[in-house]
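Written below as structure tokens is the structure these notes are about.
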Amino acid sequence: MAIRDKLSGNEAVSVAIKQINPDVMAAFPITPSTEIPQYVASYIANGDIDTVFVPVESEHSAMSATIAASAAGARALTATSSCGLALMWEELYIAASDRLPIVLALVNRALSGPININADHSDAMGARDAGWLQIFAENNQEAYDNFIQAFRIAEHSKILLPVMTCQDGFITSHAVENISLLEDEKVKAFVGKYEPENYLLNEKQPMAVGPYAVSSYYMESKRLQAQAMADSKEIILQVAKEFEALSGRSYGFFEEYKIEDAEYAVVIMGSAAGAAKDAVDLLRTQGKKVGLIKVRVFRPFPAEELAAALKNVKAIAIMDRAESFSGHAGPLAAELRAALFNAKLTPDAISYIYGLGGRDVRVEDMQAVYTSLEAGDFKCIDIPYRYLGVRE
């Protein structure tokens, strides 16, 4: 029987960690993810779990210790935000290339500078090509559910890649919502016991982790990583199906909201999808054929699936909470446009940059996006993308 509770997004993820009871957590505090290791440390101090907590001197050290623990055969995780993730940069690539099934709770926050501690996706988007799977949450319930599924995905024998579970800083991480928790024993049974096949402390099979790869082998290593990323699509859906049977909550690569007959669509990730859904509901009462796709899985990018879902749409606004400085589009927009091109689909598509540094996104803002799509006025702008709610 599900347990109802009122939790912040950070506490929801922390409860998931407590229920999983991993072997090792290494972490260094950084706003707004600090509460996650704080909660876990308190669970350990109270005897609720027997996870080994490793306090370190920096986020680079946090990921280094997590890599070491995972390579040794432990189920390991960490949590961070913003500049903390940036300080892990070198180690992110090492974790992925060493095929370590680490889970990182990323509480999305703007990268400096100028200094800002509020939500946007520049941290995750900066790491999008590091070889990690990336799963985004709209709300606290999804933050909890995504984390429970993450270890199952990462540790699958066909995958063995690290996973970032992402939620928007302060918007979900600190806001309290009603959510449904699973019973401890059901979570433990779902995640299962971690039994790695190859690990450093296996005295029966000596091995090295992270050796130097000469030119004769490096490309093959990357090709294998790419294959595991492609294979993860099947595993993500398989794990989601099992999770639905357990919880009654359904997940996929993305959520389709009133998209079946939509002529105008918004594609978005994270917490602002809530405001966009409210805008869809209001405009539907006015007879407008509008819809929404909320991307949950950004890596691997579900290109073919998104193109199929958008095949009948006349115009699309693709919303990025990060600026890629390409002069062309945000990261989500660039990937989706490529997907549409490969599928030989030619809807009008405009890239929007929104919500940087925690800028509010209101229902009225999203209504204006749909109005612009219907009017077609975005075809007359000087640059190929727009900023939502900026003072020019």
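Observations on the model:
- For the range 252-263, the criterion of a residue being more than 17 Å from Phe151 (Cα to Cα) and in a helix (DSSP H, G or I) is satisfied by no position.
- Against the test of being more than 21 Å from Phe170 (Cβ to Cβ), aliphatic (A, V, I, L, M) and outside any strand (DSSP E or B), the options Ile115, Ile94 yield a single qualifying residue, Ile94.
- Out of Val361, Val369, Val280, Val313, sole residue that is outside any strand (DSSP E or B) and either touching a helix residue (DSSP H, G or I) at 6+ places or on another chain (Cβ under 6 Å) or in the same structural domain as Asp120 (by TED's automatic domain parsing) (or both): Val361
- Meets criteria (more than 11 Å from the chain's Cα centre (by Cα), crowded, with 20+ Cβ neighbours inside 10 Å and either outside the structural domain of Met88 (by TED's automatic domain parsing) or over 24 Å from Ala2 (Cβ atoms) (or both)) for Ala124: no
- The range 167-194 residues that are within 17 Å of Gly355 (Cα to Cα), paired with ones that are exposed (fewer than 14 other Cβ atoms within 10 Å of the Cβ) (beta carbon under 8 Å, 6 or more apart): none
- Scanning the range 323-358 for residues that are assigned to a helix (DSSP H, G or I) and touching a Leu at 6+ places or on another chain (Cβ under 8 Å) turns up Leu336, Ala339, Leu340.
- Note on the range 180-216: among residues that are surrounded by fewer than 11 Cβ atoms within 10 Å (Cβ to Cβ) and part of a helix (DSSP H, G or I), the one that is nearest to the chain's Cα centre (by Cα) is Glu185.
- Every residue from the range 290-307 that is under 18 Å from Asp320 (Cβ atoms) and under 11 Å from the mean Cα position of the chain (by Cα): Val295, Arg296, Val297, Phe298, Arg299
- When each of Pro32, Pro101 is tested for being under 23 Å from Leu224 (Cα atoms), at pLDDT 95 or above and not in a strand (DSSP E or B), the lone residue that passes is Pro101.
- Residue that is farthest from Lys277 (Cα to Cα), among those in the range 217-251 that are part of a helix (DSSP H, G or I) and among the hydroxyl-bearing types (Ser, Thr, Tyr): Tyr217
- Residues of the range 250-259 classified as without any contact (Cβ under 8 Å) to a residue 60 or more places away in the chain and more than 17 Å from Glu304 (Cα to Cα), total: 3
- Test result for Glu234, more than 16 Å from Arg299 (Cβ to Cβ) and of a type in the set (D, E, K, R): no
- Leading residue by the ranking (surrounded by the fewest Cβ atoms within 10 Å (Cβ to Cβ)) among those in the range 1-39 that are touching a residue at least 40 places away in the same chain (Cβ under 8 Å) and over 23 Å from Arg152 (Cβ atoms): Arg4
- Selected residue (only one of Ala79, Ala130, Ala95, Ala110 is surrounded by fewer than 24 Cβ atoms within 10 Å (Cβ to Cβ) and at pLDDT 95 or above): Ala130
- Leading residue by the ranking (surrounded by the most Cβ atoms within 10 Å (Cβ to Cβ)) among those in the range 297-310 that are assigned to a strand (DSSP E or B) and not aromatic (Phe, Trp, Tyr): Val297
- Residue match in the range 43-52 (condition: assigned by TED's automatic domain parsing to the domain that holds Trp132, charged (D, E, K, R), out of contact with any strand residue (DSSP E or B) (no Cβ under 9 Å at 6 or more places or on another chain) and under 26 Å from Gly131 (Cβ atoms)): no
- Within the set Pro384, Pro347, Pro331, Pro300, the sole residue that is free of Cβ contacts under 8 Å to residues at least 40 places away in the same chain, in contact with a strand residue (DSSP E or B) (Cβ under 8 Å, 6 or more places away or on another chain) and not aromatic (Phe, Trp, Tyr) turns out to be Pro347.
- Condition broken by Ala110, with the remaining ones in (1) part of a loop (DSSP other than H, G, I, E, B); (2) of a type in the set (A, V, I, L, M, F, W, C); (3) more than 29 Å from Asp360 (Cα to Cα) satisfied: (3)
Residue-by-condition table, conditions (1) farther than 28 Å from Tyr93 by Cβ; (2) loosely packed, with under 15 Cβ neighbours inside 10 Å:
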residue: Gln227; (1), (2): no, yes
residue: Gln238; (1), (2): no, yes
residue: Tyr251; (1), (2): no, no
residue: Tyr264; (1), (2): yes, no
residue: Met269; (1), (2): no, no
residue: Ala275; (1), (2): yes, no
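- Residue pairs whose Cβ atoms lie under 6 Å apart, separated by 6 or more positions or on different chains, with the first residue in the range 206-229 and within 20 Å of Thr66 (Cα to Cα) and the second among the small types (Gly, Ala, Ser), are Val209/Ala71; Gln225/Gly131.
The values are calculated or read from the model by the stated rules, or taken from the named source; none is laboratory data. Please read all numbers here as calculations on a predicted model, not as lab measurements. Here Cβ is always computed from backbone atoms with ideal geometry, including for glycine, and neighbour counts include all displayed protein chains.
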